[in-house]
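First the structure, in the form of structure tokens, and then the observations on it.
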Amino acid sequence: MKMDRKITIFIVGFILTGMLVSIFFPKEEKRNDDALIRVGAGADVSGILMEETVSELSDTYTVKESLESSSFQDC
């Protein structure tokens, strides 16, 4: 089989798989514009970056700070 035919079959298969996934996989029934987005960060550099991101986004979006303790295992 020639290389260009293999590439064409791969691309068609990829597109067909994507279409089947979009049709048969479950979807969200309706968009909830009032839903809260919960974002968390650790107490290391990621926490500092998260604070900077929140301060930048607070000009455009309403950011509600909610301190909740949840444990996660950090390497």
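Below are the figures for this structure:
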{"item": "Label of the coordinate-derived value, Rg/Rh (Cα atoms, Kirkwood Rh), listed as [x] 1.20; [y] 1.24; [z] 0.95", "result": "[y]"}
{"item": "0 to 90° range, to nearest 10: angle between helix 45-57 axis and the chain longest Cα axis", "result": "90 degrees"}
{"item": "Solvent-accessible surface (1.4 angstrom probe) belonging to residue 33, in square angstrom, nearest 10", "result": "120 Å²"}
{"item": "Where 57, 16, 36 fall by accessible area, highest first, once all protein chains stay in place (1.4 Å)", "result": "36, 16, 57"}
{"item": "Proximal aspartates and glutamates relative to residue 64, as straight alpha-carbon distance under 17 Å, when same-chain residues fewer than 8 apart are discounted", "result": "33, 34, 51, 52, 56"}
{"item": "Extended-chain gain in nm, criterion 0.36 nm per residue less alpha-carbon gap, residue 8 and residue 29", "result": "4.1 nm"}
{"item": "Principal-axis tilt of helix 3-24 within the chain, Cα atoms, nearest 10 degrees", "result": "50 degrees"}
{"item": "Spacing of the two label points (7 Å from each Cα toward its C-beta) at residue 15 and residue 57, in nm", "result": "3.6 nm"}
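The values are calculated or read from the model by the stated rules, or taken from the named source; none is laboratory data. Small disclaimer: the values here were computed from a predicted structure and weren't measured. All Cβ positions, glycine included, derive from the backbone under ideal geometry; neighbour counts span all protein chains shown. Ligands, DNA and RNA are excluded from the accessible area calculation, which covers all protein heavy atoms including side chains. Shrake-Rupley method; radii C 1.70, N 1.55, O 1.52, S 1.80 Å.
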